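The structure appears below as structure tokens.
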Amino acid sequence: MARDTNRGRGRRDRDETPEFADRLVAINRVSKTVKGGKRFGFAALVVVGDQKGRVGFGKGKAKEVPEAIRKATEAAKRNIVRVQLREGRTLHHDMQGRHGAGKVVMRSAPEGTGIIAGGPMRAIFEMLGVKDVVSKAIGSQNPDNMIRATMDGLKKEQSPRSVAQRRGKKVADILPKRDEAPKPAAEAEA
């Protein structure tokens, strides 16, 4: 009788070749006061991405830091979103994202600008594969709110191809002509 020697190895082989990079954004130590003293636990916030347009985030809580990070990484891999990038380096258009009291503004940038963003937002852009972006966090500076607001904004992004397809037009009809510069408001009224 022939035995299947490859049985049960599929999952291990997938785990050995990681397609996603991960970045630890924040660790929070929390305590619970009980009769004998305090019990400490840890909450981790992790961002994962393939640096080619896919990114996700997750939270994990456990009694030990490594276990919390592992749980957060697994949660992040489960809720990955795909974001269309212009020329594989920046966003297609400017956008805003909100979550709770956190608001973020993200703008596309010319080549060579780099990632101008604060802590948690920087982690998302690096894992996403964005090379040029300007962003600003307004309101809450809580890492969880900033990440959720950034993901909210990224989910709103639309590529010219998807907009043209939805409207039944060509991509050239959607994008402004390069030789025709947009007219200032004063000239447009005259």
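Please treat every number below as a calculation from the coordinates, not as lab data. Source: prediction; values computed, not measured.
Summarising the amide proton neighbourhood of residue 102: residues at separation of 5 or more, or on other chains, whose placed amide H is nearer than 5 Å comprise 140. For the stretch 83-174, the Cα gyration tensor yields ellipsoid semi-axes of 25, 15, 9 Å (square root of five times each eigenvalue, largest first, whole Å).
Phi angles across the stretch 67-74 convert, under the Karplus curve 6.51 cos²θ - 1.76 cosθ + 1.60 with θ = phi - 60°, into 3J(HN,Hα) values of 5, 5, 5, 4, 5, 5, 5, 4 Hz, Gly and Pro given as x.
Karplus-based coupling profile of the stretch 126-131, in residue order and whole Hz: 5, 6, 6, x, 6, 10, with θ = phi - 60° in 6.51 cos²θ - 1.76 cosθ + 1.60 and x standing for Gly or Pro.
Here the stretch 20-136 is treated as an ellipsoid with the same Cα gyration tensor; its semi-axes, largest first and in whole Å, are 32, 15, 11.
With Cα atoms as the point set, the radius of gyration and Dmax of the stretch 13-81 evaluate to 14.3, 50 Å.
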